Amino acid sequence: MINKKLQDAINTQINKELYSEYLYLSMRAWFAQQSLDGFANWMDIQAQEEHAHAMKFFNYVIERGGKIELEAIEKPAHDFESPIKAFQITLEHEGYVTSSINGLMDIAISENDHAARSFLQWYVDEQVEEEANADKILSQLKMIGDRIEGVLMMDRELAQRVFVPITPAK
Ligand code: OFO
């Protein structure tokens, strides 16, 4: 049976993951409106990953005999000014999610829930990748600056990203 404190915190985290999905869907739309379809594809995959993160938590709560309580999802921004701005927001957001995951791990540790610690370790590792991916793209965009050929080259590269399904629970 899942610990109540952790269950409530995971329910909040599910909302954050679903908000992340919304945010990246909104960015996907913005990039598509700028005719940057490769960037839009990257955001589309990112949104799918966030949905998978939410569902992995969702399944875990149920598997451990807990209760799911879905909350309203906040409206995301819809105008991102530039690719650099969008990736600055992405990196900042992922940093926020990382600290939130760390908070869940702190609860699992203080409640002596070893199963939850093992489960949450996947998210701790995933966040390293989430931040690194956003940081790399942001750094490259800064190098490219205003050079449109560079942006278009990146757009072609980001069009290659594909969704890799994750294990639904555990
Ligand atoms: Fe779910 O990792 Fe991004 O937000």
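The values are calculated or read from the model by the stated rules, or taken from the named source; none is laboratory data. Remember, it's a predicted structure, so these values are computed and weren't measured experimentally. Cβ coordinates were reconstructed from backbone atoms using ideal geometry, including for glycine residues, and neighbour counts include every protein chain displayed. Each accessible area value is taken on the protein alone, full model and side chains, heavy atoms only, with ligands, DNA and RNA left out. Shrake-Rupley method; radii C 1.70, N 1.55, O 1.52, S 1.80 Å.
Looking at I62, I68, which one is part of a helix (DSSP H, G or I), open to solvent by 10 Å² or more (accessible area, probe 1.4 Å), more than 16 Å from the ligand (Cβ to nearest atom) and over 21 Å from D125 (Cα atoms)? Full working, then the answer.
Working: I68 fails: part of a helix (DSSP H, G or I).
Just a single option satisfies the conditions, and that option is I62.
Out of curiosity, is E74 of a type in the set (D, E, K, R), open to solvent by less than 40 Å² (accessible area, probe 1.4 Å) and without any contact (Cβ under 8 Å) to a residue 60 or more places away in the chain? Spell out how you get there, then give the answer.
Numbers: of a type in the set (D, E, K, R): yes; open to solvent by less than 40 Å² (accessible area, probe 1.4 Å): no; without any contact (Cβ under 8 Å) to a residue 60 or more places away in the chain: yes.
Taking the combined requirement at face value, the residue does not satisfy it.
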Would a scan of the stretch 130-148 turn up a residue that is in a helix (DSSP H, G or I) and under 19 Å from K5 (Cα atoms)? no
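Is it the case that some residue within the stretch 136-156 is of a type in the set (D, E), buried (at least 19 other Cβ atoms within 10 Å of the Cβ) and within 15 Å of the ligand (Cβ to nearest atom)? Outline the logic, then answer.
Taking the stretch 136-156 as the starting set, the residues that turn out to be of a type in the set (D, E) are 146, 149, 155.
If we keep only those that are buried (at least 19 other Cβ atoms within 10 Å of the Cβ) as well, we get 155.
Cutting the leftovers down to within 15 Å of the ligand (Cβ to nearest atom) gives us none.
No, every residue in the stretch 136-156 fails to be of a type in the set (D, E), buried (at least 19 other Cβ atoms within 10 Å of the Cβ) and within 15 Å of the ligand (Cβ to nearest atom).
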Does E129 satisfy the criteria of being surrounded by fewer than 12 Cβ atoms within 10 Å (Cβ to Cβ) and within 12 Å of the ligand (Cβ to nearest atom)? yes
The number of residues in the stretch 20-59 that are of a type in the set (S, T, Y), open to solvent by 50 Å² or more (accessible area, probe 1.4 Å) and within 13 Å of the ligand (Cβ to nearest atom) is 1
Every pair of residues 6+ apart whose Cβ atoms lie under 7 Å, when the first sits in the stretch 44-57 and is among the acidic types (D, E) while the second is in a helix (DSSP H, G or I): D44/R28; E50/E17; E50/S20; E50/E21; E50/Y24
The lone exception for V97 - which of (1) open to solvent by less than 40 Å² (accessible area, probe 1.4 Å); (2) within 25 Å of M143 (Cα to Cα) it fails: (2)
